[in-house]
1. Within the group Thr77, Thr63, which residue is at pLDDT 95 or above, under 21 Å from Lys102 (Cα atoms) and hydroxyl-bearing (Ser, Thr, Tyr)?
2. Taking the criterion of being touching a residue at least 24 places away in the same chain (Cβ under 8 Å) and within 17 Å of Glu153 (Cβ to Cβ), would at least one residue in region 88-96 satisfy it?
3. Considering Ile3, Ile84, which residue is more than 21 Å from Phe156 (Cα to Cα), in contact with a strand residue (DSSP E or B) (Cβ under 8 Å, 6 or more places away or on another chain) and of a type outside the set (Lys, Arg)?
4. List every residue pair whose Cβ atoms lie under 8 Å apart, where the two residues are 6 or more positions apart in sequence or sit on different chains, the first residue falls within region 45-59 and is without any contact (Cβ under 8 Å) to a residue 60 or more places away in the chain, and the second residue, located anywhere, is of a type in the set (Lys, Arg).
5. Taking the options Arg137, Arg161, Arg122, name whichever one is without any contact (Cβ under 8 Å) to a residue 24 or more places away in the chain, more than 26 Å from Gly54 (Cβ to Cβ) and surrounded by 15 or more Cβ atoms within 10 Å (Cβ to Cβ).
6. I need the strands (runs of 3 or more DSSP E) fully contained in region 90-169, keeping only those with at least 1 residues that are more than 21 Å from Arg38 (Cα to Cα).
Amino acid sequence: MSIDEEKLNSEFKVLKSRIKFRMFAAMSMPAAWFAGLRIDRLDQESCVTSLPGGWRTQNPFKTMYWAVQGMGAELATGAVPFAISRAMSEKLRMFVVSTEAKFIKRAKGRITFTCNDIEAARMAIEESANTGESVERDFFVVGKDISGEIVSEWIFKWNFRIISSEWEK
């Protein structure tokens, strides 16, 4: 398996482009588009996503709905593997198999979600390519409010499998 690094950097650039990401979200993830989800940082080290506070993302208690937070946290873990999948010739099947969340503080205003487990995604995908087996990895995400206080912590377990003509689909 080879990841085309030039293509990967191009995919990062496309996903970081607010206009292109908004168009992609509208077509592929309409709830994310409606909520105003965006990618603030995406590179070889981390992925940072954010969501605005306000009527589109709030619950009846005037805080950010937990499921909306989950959407932002999931994208922080899934954007890099998605970009990797588009930068390689093999087909990658990826999906979330479990999630855990801990809510520390009321989420009000713009919330950012940061995942620094980027290298683990690449390693899991490469392991699947080498073995032909599914590989599961946990990715940790921290949600913070505008003052930098932690509002939620998330763990997403992703399953990755390279689909190749050599192996059974």
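The values are calculated or read from the model by the stated rules, or taken from the named source; none is laboratory data. These numbers come from a predicted model, not from an experiment. Quick reminder, even Gly has a Cβ in these numbers, built from the backbone with ideal geometry, and neighbours come from all protein chains shown.
1. Just one listed residue meets the conditions, Thr77.
2. Among the residues of region 88-96, at least one is touching a residue at least 24 places away in the same chain (Cβ under 8 Å) and within 17 Å of Glu153 (Cβ to Cβ), which makes the answer yes.
3. Details: Ile84 fails: more than 21 Å from Phe156 (Cα to Cα).
When all the criteria are applied, what remains is Ile3.
4. Between residues of region 45-59 that are without any contact (Cβ under 8 Å) to a residue 60 or more places away in the chain and residues that are of a type in the set (Lys, Arg), the close pairs are Pro52/Arg110; Gly53/Lys108; Gly53/Arg110.
5. Working: Arg161 fails: without any contact (Cβ under 8 Å) to a residue 24 or more places away in the chain; Arg122 fails: without any contact (Cβ under 8 Å) to a residue 24 or more places away in the chain.
None of the other options fit; the residue is Arg137.
6. The qualifying strands (runs of 3 or more DSSP E) are 91-103, 135-144, 150-163.
Here's the yes/no breakdown for (1) of a type in the set (Gly, Ala, Ser); (2) surrounded by 20 or more Cβ atoms within 10 Å (Cβ to Cβ); (3) touching a Gly at 6+ places or on another chain (Cβ under 6 Å); (4) not in a loop (DSSP other than H, G, I, E, B):
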residue	(1), (2), (3), (4)
Phe21	no, yes, no, yes
Ala26	yes, no, no, yes
Ala32	yes, yes, no, yes
Arg41	no, no, no, yes
Gln44	no, no, no, no
Val48	no, yes, no, yes
Gly54	yes, no, no, no
Pro60	no, no, no, no
Val68	no, yes, no, yes
